[in-house]
Structures are given as structure tokens and as C-alpha cells.
Amino acid sequence: MGNETKQILIDDARRAGERVGLTSDEIIINGGKPLHGRIEVRGAKNLATKAMVAALLGTKPSVLRNVPNISDVRVVAGLLALHGVQITKGEEPGEFLLDPSNVESAHMADIDAHAGSSRIPILFCGPLLHRLGEAFIPDLGGCRIGDRPIDFHLDALREFGAVIVKEPRGISLTAPHGLKGANIELPYPSVGATEQVLLTAVLAEGQTELKNAAIEPEIIDLICILQKMGAIINVEPNRVIFIEGVEELGGYKHRAIFDRNEAASWAAAALATEGDVFVGGAKQEEMMTFLNVFRKVGGAFEVEDDGIRFYHPGGELVPVTIETDVHPGFMTDWQQPLVVALTKANGVSTIHETVYENRFGFTDALNKMGANIVVHKDGLHDYTRRVARRDFEQAAVITGPTPLVGAEIEVPDLRGGFSHLIAALTAKGQSKVTNVGIISRGYEDFIGKLTQLGADFIFEA
Ligand code: EPU
């Protein structure tokens, strides 16, 4: 790779770490105006970034289409560039060509400096061990929504034969005897740990059986990519994934699955603002659980071939009880945007958060704006729940309707941040939302989309 291209990508990654995409970090919103219009969602953040890492496993170039222009993608592009992967933009918007022919080691300090606020670097472990025999992974960023440990990842890597040493700024890994297939059972169907196992097992010697795997649509899409590259992976009943290691993988051509978190966020914005938004690119199957809840709350939707129309059909919104869960349950990432609509529902809604320990921090700002949300940090200990979950859970009890009024609020994390935008859009009067750069980690051009939907705001780019 030319030094110039490499430097551009590295600079990009550095800026991403500093929340690029936006030069200003605050937006002034005049609320009370329904969102109307059409926007398009692009490829899923939680697939595209992993698909880029998968390209590292191949001996031939890969083509990834529908890549969102978000800062998490820039961080991964920068890290791949540091490791010698040549990334160029293709002809269509959002098309990346990734050439891993000259993978090379990078300096720990550079990796550390460019890893930014993403959690994706942990997924470089298996691919780098296969390609280079060693890896350094910096301490991880990501949203502050719980402890977010990496023990499942490290335990799985050890099963494959990796030796892991804790360094002051991260971990370094080697595989003195190569990586060998393993029988692994995850303590919980973790998305990231399942991806870790997939990205490691495909080139490991022998067979790997993964029990209690996550089966999110983004994971199935990653499996499709790996199969295109030459991997042999069977998704079996009851969360079992069986992988037969192969000696070499080639490249892939793939269009990333749509971002169902982004789609759900705009749907929630349409409902809360009493608007009507057509989300181009959204698909029904991956959103079935969300659509059921959306309908129960009082929202309406129409599924078309090229997207889904979400709107408020008039009438009162209805309170609901939701438990977040792994797929095919109600995603943890969907609850924050929907909470704003629930402040408008007539009665008491309850959300049990069972995936993360700390994902209701964003509700403080909503209360400041007039909502009535009580967070039970230790959950509600409701033993009648359908399935026994984990040791921790939090519950939020939302009593509505409570009209929101404009306030100055600060974005705490990605999805909570989008919920703050929705709150400001629905509130009476003016709100100042600060720290909005975080939102560009996962929402492509959300400022442009707000404009397209007729929102009334001031943002100095
Ligand atoms: N966990 C552990 N140990 C581990 C790994 C996970 O205890 O080694 C715990 C986590 O602390 C958490 C639970 O297991 O309580 C689930 O974590 P998981 O590994 O499934 O999540 P992740 O891979 O870190 C991805 C998405 C999240 C999304 C979750 C659940 C990416 C980059 N992130 O995180 O997305 O909420 O799966 O679907 O894919 C977001 O997009 O805003 C976001 C946070």
C-alpha cells in the first residue's frame, strides 16, 4: 500500500477515535414537529465492521458493498490499513475493496493509538494469529453500558491453542502450536464471542463445535461471507454451529445486510413524533419481533419490497412490557429509542434489560425533560418471567403520558444518544443536545436524514 493511502486511512481512524463525521458536537432542536419523508438505511454497523475483519483471513481481495459511512467503519479501516490491508473505494457508494495480500505486523503503539472507541479490535485475534502468528489487541472502547468483559473471547481463543499475555495497554497473543479446532460452549450466546469463534475456527486445524452460539441475523450474514470465502460452517438446531477448518480462504463479494438497529431507531422516531417515515432498505424478517411490539404500542407499519413505512396512525399509544433478549428476542439496542414513545403511552410500561447491566443511563435526561421513568437497578425480581435469565438485569418503569419539554441534555452512548435526539424532536420548545458526535459511530449521516424528514434544528457543520 502506498504510504499516502495508508496515512489517509490512519488519519481517518484517528479522527474517528475523536468522533469524526461532525465538526460540531451539539445540535439545537426545536421540537414538536412530526418527522415525515423517506430515508435509506445502509449496511449494518454490526456486520460491516466484522465483514471487513473477515477479509483479513483471505488470500484474495474481497468486495464489501453497502458499507455505512460511520466512524466505527473508519476505525476498522484504519486498523486494517495498519496491518497492510489495502482498502480502496469501489464504484458504487459504500463499496469497499479490501486486499489482504500483504498483511504485516503493526506496532503496538500505532494499534493502540488508532483503535479509537470501537470494540471490533478484539475480533482481529483469530485472523491475525492465522496470518501472522501473533496479535496485539488494545484495551477496548465501545459504549459504557456495562462491564463488557472479554472473558468468553479469551477462553475460546485458549481452547484453540492461543497463548494470551496481559500487557499494560492491552493483550498480546501467540499460537506456538498453531490453532486447532475445539469444542466450545459459551456461558451466554454472546454475539462477539460467537464471531470470535467463527473467525478463528474457519482456518483452525480440524473441527470446531460451538454450543450456545448467538444466531443474530448479522452473524448469519457473516457466516454467508465466510462460506463465500471457502469456509465450511453448519448452523445446526439449538444454537449449535459446526465448523470444519479449511487450509485456505479466498475473497468474497457481498452486500452487507441492512442495519435493523438504525431502522428501528427511525421507526421509533416516527412513532414518538407522531410522524410517518418510510425506511428504505428495511426488511421484515429481521425485524419481526420489533414490528410486533411496535404494533402493540399503537404504531402502524406497511411492509413494501424496498422498505417499511412506519407511522403513527392516530389514537392513544398503549403501554407494554418488554424483555430484551438475544435473537430472536427483542434486541437490547431497540429499547432506548422506543422508550421515548412509551413516555407518551397511556399507562405503565416496563422494560427488563437482560443483556447489559447498565443500559438505562439515558433515562436521566428524559426525566429532566418531564418523563416519569424509574430505574430499578437490581431489576424487579419478577420470577414469573418467561425464561430465567442471567444474574443481572435492570428494569425501567415508564409511566405515561408525560409531555416532554425542551432541555439541555448530553448524549451518554450510541443508542441512548439517538433516544435523546428523539426526545428533543418530540419535546415542546427548544433542546440543546451535546456530545452528538457519538451518534456518528453508528448512524450514517443522521443530520442529513433529519433534514430529509423535515426536522427543525440548527447544526453547524
Ligand atoms: N459478555 C461477557 N463476556 C464476554 C462477552 C460478552 O460477559 O466475553 C457479556 C456482555 O457483557 C453482555 C452480554 O455478554 O452483557 C452480551 O454481549 P455480546 O458479546 O453479545 O455483545 P457484543 O458483541 O459486545 C454486540 C453489538 C452490540 C449489541 C450486542 C447484543 C457489535 C459491535 N456490538 O455487542 O451493539 O448490543 O451485540 O446484540 O456488534 C450497539 O450497536 O450500540 C451495540 C452496543
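With just the Cα atoms defining each centre, how far is segment 61-133 from segment 214-256? Give it in Å. Measuring centre to centre over Cα atoms gives 19 Å. In a solvent-free Debye calculation with one equal scatterer on each Cα, what is log10 I(q)/I(0) for the chain at q = 0.09, 0.11 Å⁻¹, listed in the order of the q values? Debye curve over Cα of the chain, log10 I(q)/I(0) at q = 0.09, 0.11 Å⁻¹: -0.58, -0.87. In this structure the amide hydrogen of Gly307, modeled in the peptide plane, comes within under 5 Å of the amide hydrogens of Gly281, none closer than 5 places in sequence on its chain.
Against the chain, whose longest principal axis comes from its Cα atoms, helix 71-82 is set at around 10 degrees.
Ranked by the mean number of other Cβ atoms within 10 Å per residue, highest first, peptides 198-207, 360-369, 295-304, 232-241 order as 198-207, 360-369, 295-304, 232-241. Summarising the label geometry, the points placed 7 Å from Cα in the beta-carbon direction at Asp139 and Lys253 lie 4.5 nm from one another.
For segment 394-399, 3J(HN,Hα) computed residue by residue from phi via the Karplus equation (6.51, -1.76, 1.60; θ = phi - 60°) reads 10, 10, 10, 10, 10, 9 Hz, glycine and proline entered as x. Stokes-Einstein diffusion for segment 221-285 at 10 °C, viscosity 1.306 mPa s, with a Kirkwood radius from C-alpha pairs, works out to 107 µm²/s. Its Cα gyration tensor gives segment 43-255 an equivalent ellipsoid. The semi-axes, each the square root of 5 times an eigenvalue, are 22, 20, 17 Å from largest down. Restriction of the GluC sites (Glu not before Pro) in segment 235-297 to DSSP coil positions whose beta-carbon has at most 14 other beta-carbons within 10 angstrom yields Glu247, Glu248.
Relative contact order, whole percent, for segment 43-255 stands at 21, derived from Cα pairs under 8 Å and 6 or more residues apart. Sorting the Cα pairs of segment 315-450 by distance into bins of 5 Å, from 0 upward, gives 2, 11, 20, 23, 19, 15, 7, 3, 1, 0 percent per bin.
Within segment 390-450, the trypsin sites (Lys or Arg not before Pro) that combine a DSSP coil assignment with at most 12 other C-beta atoms in a 10 angstrom radius are Arg390.
Compared with the dominant Cα axis of the chain, that is its longest principal axis, helix 45-55 is turned about 10°. Taking amide hydrogens as placed 1.01 Å from N in the peptide plane, the amide H of Asp325 sits under 5 Å from those of Phe330, Met331, Thr332, each at least 5 positions away in sequence or on another chain.
Computed from Cα positions, the angle between helix 151-160 and the longest principal axis of the chain comes to roughly 20 degrees. By the count of other C-beta atoms within 10 Å, a proxy for reagent exposure, His420, His352, His177, His327 are ordered fewest to most as His177, His327, His352, His420.
The sum of -39500 (n - 2.57) across all DSSP H runs of n ≥ 4, divided by the residue count of the chain, sets its helix-only mean residue ellipticity at 222 nm to -9500 deg cm²/dmol.
Residue-normalised convex hull volume from the C-alpha trace of segment 211-334: 110 Å³ per residue.
Read-outs throughout are calculated quantities, based only on the coordinates presented, and are distinct from any laboratory measurement. No experiment lies behind these values; they were computed from the predicted model shown. Note that each Cβ is placed from the backbone with ideal geometry, even for glycine, and that neighbours are counted across all protein chains shown.
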